[in-house]
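The values are calculated or read from the model by the stated rules, or taken from the named source; none is laboratory data. For clarity, every value in this text was computed on a predicted model and none was experimentally measured. Neighbour counts run over all protein chains shown; Cβ positions are idealised from the backbone, glycine included.
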Amino acid sequence: MTVKIVDLRDVYTENRAEQLATLIHMAFPGADGYPTMESARTEVVEACEEGRINFVALNELGDIVGWIGGIETYNGNVYELHPLVIREDSRGHNLGTLLVEKLEQRVRELGALTIYLGTDDVSNGTNIFGLDVYPDPLLHAQNLESINNHPLAFYRKLGYVVVGIMPDANGFGQPDIIMAKRIGRVV
């Protein structure tokens, strides 16, 4: 598969905005994601606001097959990776890795030190799904493992580490897993 990764601002059209909305709606259709096309369109509009970073992967036809975004936080020292989505028929071709690397490069150029992300477990993707992690959520975070191909494993391969969990973020036993990676040089 041949793709070109570009800054969304350089190739933005209404048609591509609709492709992005469709992409995140299809990838995250549940109540914890974008259950309607309207909610997905709202996310696209917000993602294109000033100060946001967005890269897209375009296939040979110029269609969007992947999208990654970055949101500045903590006075520019940290960026949140949000969203990362690959079109279902384009998965398994290293696009996620390429998009994450492109975001890391841009964030590093901007002088940030860290990228963080949240990756929810709403479908039995980790060994803590369905568990009451209180009274010691940090112990559970420390022993967290991916099962059923949870994105935790993908991000770990790219050097991200678990820095915490938000218990019950999506209902009982459905945590948000917070991961981070230092991408800037500490002087």
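Do we have His82 as touching a residue at least 60 places away in the same chain (Cβ under 8 Å), under 30 Å from Gly184 (Cα atoms) and either in contact with a Gly (Cβ under 9 Å, 6 or more places away or on another chain) or not small (Gly, Ala, Ser) (or both) here? Full working, then the answer.
On the way: touching a residue at least 60 places away in the same chain (Cβ under 8 Å): no; under 30 Å from Gly184 (Cα atoms): yes; either in contact with a Gly (Cβ under 9 Å, 6 or more places away or on another chain) or not small (Gly, Ala, Ser) (or both): yes.
Against the criterion (touching a residue at least 60 places away in the same chain (Cβ under 8 Å), under 30 Å from Gly184 (Cα atoms) and either in contact with a Gly (Cβ under 9 Å, 6 or more places away or on another chain) or not small (Gly, Ala, Ser) (or both)), His82 does not qualify.
Can you spot a residue in segment 39-47 that is surrounded by fewer than 18 Cβ atoms within 10 Å (Cβ to Cβ), basic (Lys, Arg) and part of a helix (DSSP H, G or I)?
Initial filter on segment 39-47 (surrounded by fewer than 18 Cβ atoms within 10 Å (Cβ to Cβ)): 39, 42, 45-46.
Narrowing further to those that are basic (Lys, Arg): none.
Scanning segment 39-47 turns up no residue that is surrounded by fewer than 18 Cβ atoms within 10 Å (Cβ to Cβ), basic (Lys, Arg) and part of a helix (DSSP H, G or I).
Does Thr22 qualify as being hydroxyl-bearing (Ser, Thr, Tyr) and not in a helix (DSSP H, G or I)?
Numbers: hydroxyl-bearing (Ser, Thr, Tyr): yes; not in a helix (DSSP H, G or I): no.
Criteria not met by Thr22.
Would you check which residues across segment 159-183 are touching a residue at least 40 places away in the same chain (Cβ under 8 Å) and closer than 13 Å to Tyr116 by Cβ and list them?
Passing the criteria: Tyr160, Val163, Met166, Asp176, Ile177, Ile178, Met179, Ala180, Lys181, Arg182, Ile183.
Considering each residue of segment 1-33, count those that are in contact with a helix residue (DSSP H, G or I) (Cβ under 6 Å, 6 or more places away or on another chain) and either among the aliphatic types (A, V, I, L, M) or free of Cβ contacts under 8 Å to residues at least 12 places away in the same chain (or both), and give that number.
We begin by selecting, within segment 1-33, every residue in contact with a helix residue (DSSP H, G or I) (Cβ under 6 Å, 6 or more places away or on another chain); these are 5, 17, 20-21, 24-25.
Subsequent filtering for residues that are either among the aliphatic types (A, V, I, L, M) or free of Cβ contacts under 8 Å to residues at least 12 places away in the same chain (or both) retains 5, 17, 20-21, 24.
Result for segment 1-33: 5.
Mind checking whether some residue in segment 90-109 is touching a strand residue (DSSP E or B) at 6+ places or on another chain (Cβ under 8 Å) and part of a loop (DSSP other than H, G, I, E, B)? First the steps, then the outcome.
We begin by selecting, within segment 90-109, every residue touching a strand residue (DSSP E or B) at 6+ places or on another chain (Cβ under 8 Å); these are 90, 95-96, 98-100, 102-104, 106-107.
Then keep just the ones that are part of a loop (DSSP other than H, G, I, E, B); that gives none.
Looking through segment 90-109, none of the residues is touching a strand residue (DSSP E or B) at 6+ places or on another chain (Cβ under 8 Å) and part of a loop (DSSP other than H, G, I, E, B).
Looking at this structure, is Thr119 outside the structural domain of Ala31 (by TED's automatic domain parsing), in contact with a His (Cβ under 6 Å, 6 or more places away or on another chain) and surrounded by 16 or more Cβ atoms within 10 Å (Cβ to Cβ)?
no
Report, by residue number, each residue of segment 111-136 that is more than 19 Å from the chain's Cα centre (by Cα) and hydrophobic (A, V, I, L, M, F, W, C).
Our first condition is that a residue be more than 19 Å from the chain's Cα centre (by Cα); within segment 111-136, this holds for 111, 127-136.
Within segment 111-136, Ile128, Phe129, Leu131, Val133 meet the criteria.
Quickly run through segment 155-169 and pick out the residues that are assigned to a loop (DSSP other than H, G, I, E, B) and either surrounded by 16 or more Cβ atoms within 10 Å (Cβ to Cβ) or in contact with a Ser or Thr (Cβ under 9 Å, 6 or more places away or on another chain) (or both).
Taking segment 155-169 first, the residues assigned to a loop (DSSP other than H, G, I, E, B) are 158-160, 167-168.
Listed by number, the residues that qualify are Leu158, Tyr160, Pro167.
Quick one: count up the residues across segment 170-187 that are assigned to a loop (DSSP other than H, G, I, E, B) and at pLDDT 95 or above. First the steps, then the outcome.
Of the residues in segment 170-187, the ones assigned to a loop (DSSP other than H, G, I, E, B) are 170, 172-175, 183-187.
Going one step further and asking which of them are at pLDDT 95 or above, we end up with 172-175, 183.
Counting residues in segment 170-187 that are assigned to a loop (DSSP other than H, G, I, E, B) and at pLDDT 95 or above gives 5.
Does Met166 fit the bill of being within 17 Å of Gly33 (Cβ to Cβ), within 17 Å of the chain's Cα centre (by Cα), modelled with pLDDT of 95 or more and not assigned by TED's automatic domain parsing to the domain that holds Ala57? Walk me through it before giving the result.
Details: within 17 Å of Gly33 (Cβ to Cβ): yes; within 17 Å of the chain's Cα centre (by Cα): yes; modelled with pLDDT of 95 or more: yes; not assigned by TED's automatic domain parsing to the domain that holds Ala57: yes.
When the stated conditions are applied, Met166 passes them.
In this structure, does Leu99 turn out to be under 18 Å from the mean Cα position of the chain (by Cα), touching a residue at least 40 places away in the same chain (Cβ under 8 Å) and buried (at least 19 other Cβ atoms within 10 Å of the Cβ)? Walk me through it before giving the result.
On the way: under 18 Å from the mean Cα position of the chain (by Cα): yes; touching a residue at least 40 places away in the same chain (Cβ under 8 Å): yes; buried (at least 19 other Cβ atoms within 10 Å of the Cβ): yes.
Against the criterion (under 18 Å from the mean Cα position of the chain (by Cα), touching a residue at least 40 places away in the same chain (Cβ under 8 Å) and buried (at least 19 other Cβ atoms within 10 Å of the Cβ)), Leu99 qualifies.
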